[in-house]
Amino acid sequence: ARCQCKLPPRERRNCGYPGISAAECRKAGCCFNASLPGVPWCFSPKPRRVRKVCPNDSYARINCGFPGITAKDCERKGCCFRAYPAGVPWCFYHRVVEE
């Protein structure tokens, strides 16, 4: 994402090699900005900030357990648990959303 490339020059960590093109740099998953001399032009992006959420849409749930699993056993597996509504998984995987 574009916001991951907004780094102060002093925080840039080299991600390429001398003479790398903007296209090759981006192809490698890195950021490219040649506007400042003396700092890396091809540099590592900021890490993505993500968090796990339990989906609100009960029909978007992806089963993480088995019939009769307890809330404790489900959460021990690292999953979400909601014992409602009927007909959908009660133990289900988180969704990962970018902040």
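The values are calculated or read from the model by the stated rules, or taken from the named source; none is laboratory data. No experiment lies behind these values; they were computed from the predicted model shown. Cβ sites come from the backbone with ideal geometry, for glycine too, and all protein chains shown count toward neighbours. We work out accessible area using only protein heavy atoms, side chains counted, and drop any ligands, DNA or RNA first. Shrake-Rupley method; radii C 1.70, N 1.55, O 1.52, S 1.80 Å.
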Of all residues in region 42-99 being under 15 Å from the mean Cα position of the chain (by Cα) and among the basic types (Lys, Arg), which is surrounded by the most Cβ atoms within 10 Å (Cβ to Cβ)? Arg95
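One line per residue, one yes/no per condition, for (1) of a type in the set (Phe, Trp, Tyr); (2) more than 30 Å from Cys3 (Cβ to Cβ):
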{"site": "Ser58", "(1), (2)": "no, yes"}
{"site": "Gly65", "(1), (2)": "no, yes"}
{"site": "Gly68", "(1), (2)": "no, yes"}
{"site": "Lys72", "(1), (2)": "no, yes"}
{"site": "Cys80", "(1), (2)": "no, no"}
{"site": "Tyr84", "(1), (2)": "yes, yes"}
{"site": "Val88", "(1), (2)": "no, yes"}
{"site": "Val96", "(1), (2)": "no, no"}
Quickly run through region 9-32 and pick out the residues that are within 12 Å of Phe43 (Cβ to Cβ) and either in contact with a Lys or Arg (Cβ under 9 Å, 6 or more places away or on another chain) or among the polar types (S, T, N, Q) (or both). Glu11, Asn14, Cys31, Phe32
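Please go through region 1-18 and give me each residue that is open to solvent by 40 Å² or more (accessible area, probe 1.4 Å) and either assigned to a loop (DSSP other than H, G, I, E, B) or aliphatic (A, V, I, L, M) (or both), ordered by number. Quick ask: steps written out before the conclusion?
Step one: list which residues in region 1-18 are open to solvent by 40 Å² or more (accessible area, probe 1.4 Å), which gives 1-3, 5-6, 8-11, 13-15, 17-18.
Once the filter is applied, which keeps residues that are open to solvent by 40 Å² or more (accessible area, probe 1.4 Å) and either assigned to a loop (DSSP other than H, G, I, E, B) or aliphatic (A, V, I, L, M) (or both), region 1-18 yields Ala1, Lys6, Pro8, Arg13, Cys15, Tyr17, Pro18.
In region 19-41, which residue that is in contact with a Phe, Trp or Tyr (Cβ under 7 Å, 6 or more places away or on another chain) and open to solvent by 80 Å² or more (accessible area, probe 1.4 Å) is nearest to Cys3 (Cα to Cα)? Steps first, answer last, please.
We begin by selecting, within region 19-41, every residue in contact with a Phe, Trp or Tyr (Cβ under 7 Å, 6 or more places away or on another chain); these are 22, 25-26, 30-34, 41.
From what's left, open to solvent by 80 Å² or more (accessible area, probe 1.4 Å): 26, 41.
Values: Arg26: 14, Trp41: 16 Å.
Checking each candidate, the answer is Arg26.
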Given (1) within 27 Å of Glu11 (Cβ to Cβ); (2) at pLDDT 95 or above; (3) touching a Gly at 6+ places or on another chain (Cβ under 8 Å), index of the condition Ala23 fails: (3)
Within region 19-37, the count of residues that are out of contact with any helix residue (DSSP H, G or I) (no Cβ under 8 Å at 6 or more places or on another chain), over 22 Å from Glu98 (Cβ atoms) and assigned to a loop (DSSP other than H, G, I, E, B) comes to 5
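Does Arg61 satisfy the criteria of being modelled with pLDDT under 90 and either on the phi > 0 side of the Ramachandran plot or in contact with a strand residue (DSSP E or B) (Cβ under 8 Å, 6 or more places away or on another chain) (or both)? So that I can check it myself, show each step before the final result.
Details: modelled with pLDDT under 90: no; either on the phi > 0 side of the Ramachandran plot or in contact with a strand residue (DSSP E or B) (Cβ under 8 Å, 6 or more places away or on another chain) (or both): yes.
No.
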